[in-house]
Amino acid sequence: MTQTEALKEYLLRLADSDMILGQRLCELCGKAPALEEEMALMNVALDLVGQARNWYEYAAELIDDGRDADKLAFRRDAHEYRNLLMTEQPNEDYAVTMGRQFFFDVYHYFTLKSLTESSDERIAGIAAKALKEVTYHLRRSSEWVKRFGDGTEESHRRMQDAVDILWRFTGELITPDDTDRVMAEAGIGPDTDQLAKDWRGMVNEVLTQATLTPGAEDAWMYMGGKHGEHTEHLGFILAEMQFLQRAYPDATTW
Amino acid sequence: MTQTEALKEYLLRLADSDMILGQRLCELCGKAPALEEEMALMNVALDLVGQARNWYEYAAELIDDGRDADKLAFRRDAHEYRNLLMTEQPNEDYAVTMGRQFFFDVYHYFTLKSLTESSDERIAGIAAKALKEVTYHLRRSSEWVKRFGDGTEESHRRMQDAVDILWRFTGELITPDDTDRVMAEAGIGPDTDQLAKDWRGMVNEVLTQATLTPGAEDAWMYMGGKHGEHTEHLGFILAEMQFLQRAYPDATTW
Amino acid sequence: MSPEERDFQEKVDAETKIEPKNWMPEGYRKTLIRQISQHAHSEVVGMLPEGNWVTRAPTLKRKLQLMAKIQDEAGHGLYLYSAMETLGADRDEEIEKLHQGKAKYSSIFNYPTLNWADMGAVGWLVDGAAIVNQVVLQRTSYGPYSRAMIRICKEESFHQRQGYQILLDMMREGTEEQKAMVQDAINRLWWPALMMFGPHDDESPNSQQSMAWKIKRKSNDELRQMFIDQTVPQLEFLGCTAPDPDLKWNEETGHYDFGEINWQEFYDVLKGNGPCNRERIKTRKNAIDEGAWVREAAVAYAEKQKQRAQAA
Amino acid sequence: MSPEERDFQEKVDAETKIEPKNWMPEGYRKTLIRQISQHAHSEVVGMLPEGNWVTRAPTLKRKLQLMAKIQDEAGHGLYLYSAMETLGADRDEEIEKLHQGKAKYSSIFNYPTLNWADMGAVGWLVDGAAIVNQVVLQRTSYGPYSRAMIRICKEESFHQRQGYQILLDMMREGTEEQKAMVQDAINRLWWPALMMFGPHDDESPNSQQSMAWKIKRKSNDELRQMFIDQTVPQLEFLGCTAPDPDLKWNEETGHYDFGEINWQEFYDVLKGNGPCNRERIKTRKNAIDEGAWVREAAVAYAEKQKQRAQAA
């Protein structure tokens, strides 16, 4: 794999993960457990889709086949999507919504933190802006995990269930593949060992504070999103998200 | 409105209502309350989509603009769909699923019965075959309405709720518009007064046996499906149902 | 009139804002609570017809705009509930009334959003009608409400321009299908937007007292006419038409004449017989009911944290 | 060996079918219940990966075919549970075991269906592998099971041909994208299909007794080889490849050689660590749990009807 190929892949992973998690949060519009949460969820979603746009724009320039950011977001089918499986998991209850957010936010935070020092200046710039947003996302989702874990008996049970359900998708966040390694070696992407270590450290710390039990480190992990092999959920997400672009392919302006 | 225009409209209504209700039933695959119901629901859905295909094929011949049955089913957007609003309502619980089926089946049964004597022989032929299937649908859904209404306290409450929720969509089943009237006058479609009378008669009879209270005859009714103004549900149904055709427009064979 | 009442009315007449700590007639307080809570409910329920398209927005830009708008609306709701609470009302109680069908919200949100152009038309027409109301309410006599209106109006104007731009772009650069979406959206939303100003003045029994208290500052019919007069030129600029054959410029009055509203539909929707009344309330009620354990957990955790802080 | 046991084994050896009323060893009965219930569960769980595409089938014809196939599977499930009940087992109890994770079903259904070609590949490979098993089971010693197999085999063969046709049409007349879907489906389902025959013979402890009882009639490895031998020519005819570099014709043995199965994955999935284990069981459990009131209503109504008939 050349460095340029790896970079395109890597940018699509960043973009698609943001996009799909943002879309999942959009599904919650009007359905959050409190008005303050409506605002916060939409705010997080807005940040994520905004970041996705920045990554797509850069990716589109490198791919350079006439597709722009919108075409990348709205015209690729599931097997071409590179998002982490975690981000496409359904909202289920608010413990799952927040658990998904938390596991992703920890990964996202350390990734972006490292990317602010990327040898690729464009990436460093996008990451610097995104890091500010994601620092807030992480603070928020950690707080909710702690509230649920150390709240009522019911919230503890639900949050522990959420951790158990989502754990099998955490491996993909911190298990590097060739693309990750090429990016790390080029000084573009994060050091993969460090990322895994940081992720584990913070997740364990927060879960412990929340009186929750993490899954086993050697638990079976479900992976595949990074190379386009997704769970059955993604197809349905895209069918909805891409409908207008697909149904009106001749429309150039919206 | 010319008779040919009315006929095209009328065929699309028949086809689209079958198609959309069949699609709603497909959503229940693997989720029915008993294995016998899995079989029965899929059986009804199969009949409906089969009938839809017959109507679409005839409609496609008359429309004669190069679109075949598949294009009519999978490439029209919500405002072009002519199904009754009843058929697009969500499955919710099994009382709503069965209530929706029952209200539609009564309409469907009397409509097809009349269409077997249509002056249009093609229609009469399709209707004769469909009537056999729908006679079974109606027997089945009536039985369930009675089981629920006269079953347990919980099932009675759920079934009465279902009747109350769905009632506002019944008006469209039996309120004729210009198309219906043109069809009736041409001897192609059913006598509209008779259809309404038959529908009311059977619905009242079954609901009475089921110890359920129908809605008021002068209740406010939600209409619009017949001229393409739908509830918010249809867009989501079509996004899923039409995804492959939309995403791979160059594919001619599947 | 008691001395307090006289004092109160003099303040109002002198355009001095009434503040939470000031004495106020019970009727004034109740009317305000009802009006502000309705307004807050409308912001919250109003997120739903937009939420219906936020997962299907056609481009990244439009998706981001719509998300930002929805976020603003949640913010407006919060801000208005706060203003309402300065009058001694309880947010949860008022929301409970909404879920029981006892409290109103703007009827326009009981209409479905059926194509993407509705996201433009809602911004242009619905936010547009809301602004006509709210601009006047910036001068309403109750201080916290007036200040809320000033803040909200600014954002709503932005939404309105954005909505209009959506339609304008589709009309100017769109395909025939997209243009048809725009006209279809206007056809469906035009009359409901006019209904937003409420019944004719002579059918609006509480209006006179509200005018005297300067809670209301212009009559329903006046506001509706203002809206029509500012909107029709924009409609023409779009190259679209209104579904009203009686709509035309009247040289004599200097206003647009327009057809009679279907008041039967207005009262039907008000009574709960609108296309989406059931769905809107059900969605909101489910959200709050199913979120009970979330709010309880937050309270329990905060309580534990407090105890730990005290113990330390 | 007791006289009963000897008598039983003689019957089996003479290829006389064992019927429900006949004496049978407890181990025979238990083994059959486990095997038939697993088979029934597999039919039911097997509806889910297809249900995943039935709402998105690309044409009316393919939609109708898929619906008919799913309907058949529900029918097979019913038929098999009935056969199982002739052995004194209870359907609800066995289903409860499935939902508690105590009963098995074919592991292949724990893999996701990710593109439309999976509907072809499932028919061709999964039903194909099932048929290889089932053709042999038509001669199984227990009468009701044997008869169920005869009936089911006929329909499965039809499904298999239909599945193959889906792939063939896409390979012959499809776009490049469609052809890629076919190859992708085969890449993902090839190995799991081979795993359907179970572990190697020497890892399959219960097999020998089952062979003596003629519940099983061929070993896992024999069946797997039969499947490979009949499938590879079909694969080549499609113009596709298997994700197995070791797959090649062996002149000497007259069979295809093939690579080693990833047994770690096999046992992982068996233990619950497959991509979709959780979703499949959750979907089935929810369906039955949430349907409790439906079944109760049916019972209550039937009871009332009976009482009314008696009173009349």
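What follows draws every value from the coordinates through simple rules; no lab data is involved. These numbers were taken from a predicted model, which means no experiment stands behind them. Cβ placement follows ideal geometry from the backbone for every residue including glycine, while neighbour counts extend to all protein chains displayed.
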- Given a Förster distance of 56 Å, the FRET efficiency implied by the Cβ-Cβ spacing of B:Glu217 and C:Asp289, rounded to the nearest 0.05, works out to 0.95
- Amide H to amide H, which residues 5 or more places from C:Tyr142 or on other chains are under 5 Å from it, using H placed in the peptide plane? C:Ile18
- Task: Could you please state, rounded to a whole Å, how far the C-alpha centre of the stretch C:241-312 is from the C-alpha centre of the stretch B:222-245?
- Result: 24 Å
- Note on the structure: The correct pairing of chain A residue and whole-Å distance, for the Cβ nearest the axis that maps A onto B, is A:Arg246, 2
- Query: So what J values fall out for the stretch C:213-219 if you push phi through Karplus, 6.51 cos²θ - 1.76 cosθ + 1.60 with θ = phi - 60°, rounded to Hz, Gly and Pro as x?
  - Reply: 7, 6, 6, 9, 10, 9, 7
- Give the Rg (one decimal place) followed by the Dmax (whole number) of the stretch B:65-214, computed from C-alpha coordinates and expressed in Å. 16.6, 54
- Message: For q values of 0.17, 0.19, 0.20 Å⁻¹, compute log₁₀ I(q)/I(0) with the Debye formula on a Cα-only model of the stretch A:142-254, without solvent.
- Response: -0.96, -1.03, -1.07
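Quick one: order C:Tyr142, A:Tyr248 by neighbouring beta-carbon count within 10 Å, fewest to most. Walk me through the intermediate numbers first.
Details: C:Tyr142 29, A:Tyr248 19.
The order, fewest Cβ neighbours first, is A:Tyr248, C:Tyr142.
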- Query: What are the label-to-label distances in nm, one decimal and shortest first, from C:Phe158 to the same spot in the other copies, with labels 7 Å along Cα to Cβ?
  - Reply: 6.3
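Given the stretch A:1-149, report the % of alpha carbon pairs whose separation exceeds 26 Å. Mind dumping the intermediate values first?
Numbers: 2662 of 11026 pairs.
Beyond 26 Å sits 24 percent of the P(r) for the stretch A:1-149.
Given R₀ = 51 Å, FRET efficiency for C:Tyr267-D:Ile150 by Cβ-Cβ distance, to 0.05?
Details: r = 67 Å, r/R0 = 1.32.
Once rounded, the FRET efficiency stands at 0.15.
Once Rh for chain C is found with the Kirkwood sum over Cα pairs, what is the Stokes-Einstein diffusion coefficient at 20 °C and 1.002 mPa s, in µm²/s?
On the way: Rh = 21.1 Å.
For these conditions, the coefficient is 102 µm²/s.
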- Task: Please report, in whole Å, how far the alpha carbons of the stretch C:123-200 spread along each principal axis, starting with the longest.
- Result: 49, 28, 11
- Given the protein assembly as shown, what percent of its DSSP beta bridges are antiparallel, to the nearest 5? 75 percent
- At a Förster distance of 30 Å, what's the computed FRET efficiency of D:Glu260 paired with D:Gln138, Cβ-Cβ distance as r, to 0.05? 0.45
- Message: Label position 7 Å from Cα toward Cβ: report the copy-to-copy distances for A:Lys71 in nm, one decimal, ordered from shortest.
- Response: 2.6
- Enumerate the aspartates and glutamates that B:Lys129 could reach by cross-link, defined here as Cα to Cα under 19 Å, with residues fewer than 8 away along the same chain left out. B:Asp16, B:Asp18, B:Asp47, B:Glu57, B:Asp105, B:Glu117, B:Asp120, B:Glu121
- Item | Space enclosed by the convex hull of the alpha-carbon atoms of the stretch B:1-79, per residue, Å³ | 91 Å³
- Message: Semi-axes of the equivalent ellipsoid for the stretch A:175-236, please: Cα gyration tensor eigenvalues, times 5, square-rooted, ordered largest first, whole Å.
- Response: 24, 20, 10
- Message: Exposed loop sites here are GluC sites (Glu not before Pro) in DSSP loop states with at most 12 other C-beta atoms within 10 Å. What is the longest stretch of chain D lacking them?
- Response: D:16-250
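Please give the calculated 222 nm ellipticity per residue for chain A, where each DSSP H segment of at least 4 residues contributes -39500 (n - 2.57) and the sum is spread over every residue; nearest 500 deg cm²/dmol?
Details: 12 runs with 172 residues, N = 254.
Counting only the DSSP helices, I get -22000 deg cm²/dmol.
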- Measure off 7 Å from each Cα along the Cα-to-Cβ vector at A:His227 and A:Thr253, then give the distance between these two points in nanometres to one decimal. 4.4 nm
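Which value, in Å to one decimal place, does the Kirkwood hydrodynamic radius take for the stretch C:1-52 when every pair of different Cα atoms is included?
Working: mean 1/r = 0.0764 Å⁻¹.
That comes to 13.1 Å for the stretch C:1-52.
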- Query: Measuring label to label, 7 Å along Cα→Cβ, what does A:Asn204 give against each other copy in nm, shortest first?
  - Reply: 7.5
- Message: Run the Debye formula on the Cα coordinates of the stretch D:32-106, all scatterers equal and no solvent, and tell me log10 I(q)/I(0) at q = 0.22 1/Å.
- Response: -0.89
- Query: Which order do D:Ser2, B:Ser17 fall in if you start with the one that has the fewest other Cβ atoms within 10 Å?
  - Reply: D:Ser2, B:Ser17
- Item | Kyte-Doolittle at least 0.5, axis length at least 20 Å by Cα - qualifying DSSP helices, chain C | none
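In peptide B:199-212, how many Cβ atoms from other protein chains are near each Cβ within 10 Å, on average?
On the way: counts 0, 0, 0, 0, 0, 0, 0, 0, 0, 0, 0, 1, 0, 0.
Counting Cβ atoms of other protein chains within 10 Å of each residue's Cβ and averaging gives 0.
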- What the 5 Å binned alpha carbon P(r) of the stretch C:38-175 shows, as percent of pairs per bin from 0, is 2, 10, 19, 23, 19, 14, 8, 4, 2, 1, 0
- Translational D (Stokes-Einstein, µm²/s) of the stretch D:208-312 at 37 °C and 0.692 mPa s when Rh comes from the Kirkwood sum over C-alpha pairs? 169 µm²/s
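What does the convex hull of the alpha-carbon atoms of chain B project to on average, in nm²? Let's see the in-between values first.
On the way: hull surface 53.1 nm².
Over all viewing directions, chain B projects a mean Cα-hull area of 13.3 nm².
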- When the helices in chain C are scored as -39500 (n - 2.57) per DSSP H run of 4 or longer and the sum is shared across all residues, what 222 nm value do you end up with, to the nearest 500 deg cm²/dmol? -21500 deg cm²/dmol
- Between the alpha-carbon centers of the stretch C:1-29 and the stretch B:51-103, tell me the distance in whole angstrom. 61 Å
- For the protein assembly as shown, alpha-carbon Rg and Dmax in angstrom: 32.2, 115
- Note on the structure: Over the Cα atoms of the stretch C:163-215 the radius of gyration and the largest Cα-Cα distance (Dmax), both in Å, equal 17.9, 51
